[in-house]
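> There's a structure below that I have some questions on.
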Amino acid sequence: MTKFEHGGQLEKVAKQYNIPAHAWLDLSTGISPFSYPIPNIPIQFWQQLPIAQDGLIAAAKQYYQANFCLPCSGSQQIIELIPSLWLNQMRSLSHDISASDLTVYLPSVGYKEHQGAWQLAGFQLKFYDQNLPNELMPNSVVVVINPNNPSGQLRKANDLTQLQANVNQQQGLLIVDEAFMDVIQPSESIVSQLTENTLVLRSFGKFFGLAGIRIGFICTSEKWHNLINQVTGPWRVNGPALYIAEQALKDKLWHQTQISKLTQQQQALSQLLTEFGFGRQISCPLFIRVETSQAKHLYHALCRLAVYVRLTDEQDALRFGIPNHEQLAQLKKALVQLSKDKSLGDLA
C-alpha cells in the first residue's frame, strides 16, 4: 500500500529541522489536547485475554445511538479490511467478478488511507468534489468522510440518507467515516438511520484524547456486524483499552465538559488566526483548516519556529489541531515571529 503522509510524525519532522522533539509545539493532528483521565485498571484486564464485555457494548450502543456496535483496533483496521469483504460479497453473487469490475467513489480531498485500501485491492476509483455522487454504478461503494478530514466540510444527515437510498437502489455499499463527529453528534450523524449495507466508522481516540490505546467502533447492520466479527477474530483490542473505553463512554458529565472546552479553544484559535490575517478558515471542533496560497512556505516557516501543523496533500492549506491554553500562547508567540518575516508578506 502507498505510504501516505499524516500528522503525528513529530520525531521525523524534528530530525528534518534539527530541533529536539521536546522543543516543538505539535498541532499536527486532530486529537483533543484534553485527555480522558485514565482510571485505575483492575489487574485482570492485564492478565486475562481481552474480550469485549456486555457493559462496553451497551455503553457504545448508548453513546453512538447504534443497534449494532463492534469495537475494533482503531478505524484503520476496518478501512483495510472492507475491500476484501465487499469483493467476497460480490463473488458470492457472481463467481467471475473481479475488483476491477467494481467502482468506488471517494472524496477527492480526504483521509487518503481510504483511497489506499481500495486502490491496493484493485477496485476502479472515481473521485467527487463538493457534491456527493449522484449517478452510481451497480454494486458500487461510496465513501464519505463526515466531517471531512482535512477539509472540515460537514454533510447534512438528510443528504446522506438520500445518498444511502441511492446506494441501496444500486445494491452497493455506503461507508461513512465519522471520526470527528463526537462534538457534533447526534444531530448530523447517520448512525441512527442505518440500512443493511451502511457502515459507520467512529473514532474513540480523537475526542477522548487517547489515540494511543488504539480502539474504535464500527456501527452497522446485524449482517455486517456478524461478518466483521467473524473475520477479525477474538482479542482484536487489548484489555486495558476495553476497560478505559467503557468508563469513558459512560461518563456523560465528562462528555459535556469536553465539548465545552473544545468549542472554547476552537473559537480562541480561530480568533488568533484571524488576528494574524488567516481569513479563509473552515472549522471543525477538533481542527481548523486554513486555506492559503502560501501553505507550503508557511508550513516550513512554522517548522523552523518549532511549530508542527499539517500541510494538506494538495499543499493549498494548513490544518491546525486545537491547542490547549498553554499551546495557544506558544502559537501566538510563533505567529508574532512569523509576522516579522518580510519574505512572507501577507500571511493569508
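> I'd like the antiparallel share, as a percent to the nearest 5, of DSSP beta bridges with both residues in the chain.
50
> In degrees, nearest 10, range 0 to 90: what is the angle between the Cα axis of helix 112-121 and the longest Cα principal axis of the chain?
40
> In terms of Cα to Cα distance under 26 Å, which lysines are near enough to LYS340, apart from those fewer than 8 places away along the same chain?
The qualifying lysines are LYS15, LYS296, LYS332.
> Would you kindly state how much longer the chain becomes between ARG280 and GLU11 on full extension, computed as 0.36 nm times their sequence separation minus their alpha carbon distance, in nm to one decimal?
93.9 nm
> Only helical DSSP H runs with n ≥ 4 go in: add -39500 (n - 2.57) per run for the chain, normalise by residue count and round the 222 nm mean residue ellipticity to 500 deg cm²/dmol.
Estimated from H runs of four or more residues: -12500 deg cm²/dmol.
> When the Cα centres of the range 80-136 and the range 211-235 are compared, how far apart do they sit, in Å?
Cα centres, the range 80-136 to the range 211-235: 20 Å.
> Between ALA329 and HIS297, how many nm apart are label points set 7 Å from Cα along the C-beta direction?
3.2
> For the range 49-161, what class follows from the C-alpha gyration tensor (a ≥ b ≥ c being the square roots of its eigenvalues): rounded when a/c is under 1.5, otherwise prolate if a/b is larger than b/c, else oblate?
Oblate, because a/c is 1.5 or more while a/b does not exceed b/c.
> Next question. Which of the lysines could a cross-linker bridge to LYS12, judged by Cα under 17 Å and excluding same-chain residues fewer than eight apart?
Leaving aside lysines fewer than 8 places away in the same chain, those within reach of LYS12 are LYS3.
> If you don't mind, another one. Taking the chain as the reference, fit the longest principal axis to its C-alpha atoms, fit the long axis of helix 54-64 to the helix C-alpha atoms, and give the angle between the two in degrees, 0 to 90, nearest 10.
The helix 54-64 is inclined about 60 degrees to the chain.
> Loop only by DSSP, 16 or fewer other Cβ within 10 Å of the Cβ. Give me the GluC sites (Glu not before Pro) in the range 1-87 that pass, ordered by residue number. List each step's numbers first, then the result.
Values: sites: GLU5, GLU11, GLU80; in loops: GLU5.
Filter output for the range 1-87: GLU5.
> Is the range 110-237 rounded, prolate or oblate when judged by the Cα gyration tensor, a ≥ b ≥ c being the square roots of its eigenvalues, rounded requiring a/c under 1.5 and prolate requiring a/b larger than b/c? Walk me through the numbers on the way to the answer.
Working: a/c = 1.40, a/b = 1.18, b/c = 1.18.
Rounded, since a/c falls under 1.5.
> Could you give P(r) for the chain, binned at 20 Å from zero, as whole percent values over all Cα-Cα pairs?
Reading the bins upward from 0: 29, 56, 15, 0.
> Indicate the gyration tensor shape class of the range 176-248 (rounded, prolate or oblate), computed on the Cα atoms with a ≥ b ≥ c the square roots of the eigenvalues: a/c under 1.5 is rounded; otherwise a/b larger than b/c is prolate and the rest oblate.
Oblate.
> What is the count of Lys pairs in the range 152-291 whose alpha carbons sit under 19 Å apart, if the two are 8 or more places apart or on different chains?
5
> Going by alpha carbons, how many degrees (0 to 90, nearest 10) lie between the helix axis of 75-91 and the longest principal axis of the chain?
30
> Which value, in debye to the nearest 20, gives the size of the charge dipole of the chain about its Cα centre, when Lys and Arg are +1 and Asp and Glu are -1 at the Cβ? Don't skip to the answer; put the middle values down first.
On the way: 27 positive and 27 negative charges, 161 e Å.
Here the size comes out at about 780 debye.
> Let me ask you something else. Rolling a 1.4 Å sphere over the protein heavy atoms, what is the accessible area per residue of the chain, to the nearest Å²?
Normalised by residue count, the accessible surface of the chain is 46 Å².
> Gain in length, SER192 to GLN267, computed as 0.36 nm per residue apart minus the alpha-carbon separation, to one decimal in nm? If you can, show how the numbers build up before the last one.
Working: separation 75, 0.36 × 75 = 27.00 nm, distance 2.92 nm.
Contour length minus Cα-Cα distance gives 24.1 nm.
> Moving on. So if a site counts as exposed when it's one of the trypsin sites (Lys or Arg not before Pro), its DSSP state isn't H, G, I, E or B, and it has at most 10 other Cβ atoms within 10 Å, what's the longest stretch of the chain without one?
Details: sites that count: LYS3, LYS340, LYS342.
Value returned for the longest uninterrupted segment is 4-339.
> Turning to a different aspect of this structure: Whole Å is fine, so just give me how far the alpha carbon centre of the range 273-344 lies from that of the range 1-42.
16
> Within the range 239-348, report the GluC sites (Glu not before Pro) that DSSP leaves as loop and that have at most 16 other Cβ atoms within 10 Å.
GLU314
The values are calculated or read from the model by the stated rules, or taken from the named source; none is laboratory data. In this text, all values refer to a predicted model and were calculated from it rather than measured experimentally. Reconstructed Cβ throughout: ideal geometry from the backbone, glycine too, with neighbour counts over all protein chains shown. We work out accessible area using only protein heavy atoms, side chains counted, and drop any ligands, DNA or RNA first. Shrake-Rupley method; radii C 1.70, N 1.55, O 1.52, S 1.80 Å.
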